[in-house]
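Student: I'd like to ask you about the structure that follows.
Only the coordinates and a few stated rules stand behind these numbers; no lab work does. A quick note: this is a predicted structure, and the numbers were derived from the prediction, not measured. Cβ placement follows ideal geometry from the backbone for every residue including glycine, while neighbour counts extend to all protein chains displayed.
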Amino acid sequence: MNEGTKISDHLSTLNGIVSELEYIGVKIDDEDKALRLIWSLPSSYEYIKHILMYEKDTLNFEEVTSKIISEEKRMKCGASLANGSELDASSVSLVKGEVDFL
């Protein structure tokens, strides 16, 4: 994956490759898909790669995908704030008095 590529586009490509492999009889288990996704992330995701790989004994593709999508959103919000963009109500969630940037 190249820097700047959307995670959704990358997931589409990865799922397409997996589908093609399965079509010709190659079985790819869930954990292998999750590892391939993690390894393919660009350097801007370096710290989350380590978290995802060592957080649990086994990896689940669905969980890894969800966490990476959340990280992409967090990075976009951080970049917007760093560039001086104003924060609007749609990008903030208040839960029990805490602020969570979406």
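Student: Using per-residue counts of other Cβ atoms within 10 Å, averaged over each peptide, order 28-37, 9-18 from highest down.
Tutor: Details: 28-37: 15.6, 9-18: 13.8.
Going from most to least packed, we get 28-37, 9-18.
Student: Right, here's the next one. Ranked by Cβ crowding within 10 angstrom, fewest neighbours first, how are Tyr45, Tyr54 ordered?
Tutor: Exposure proxy ranking, most exposed first: Tyr54, Tyr45.
Student: Just tell me which lysines come within less than 21 Å, Cα to Cα, of Lys33; anything on the same chain fewer than 8 places away is out.
Tutor: Once the sequence-local lysines are set aside, what remains near Lys33 is Lys6, Lys49, Lys56, Lys67.
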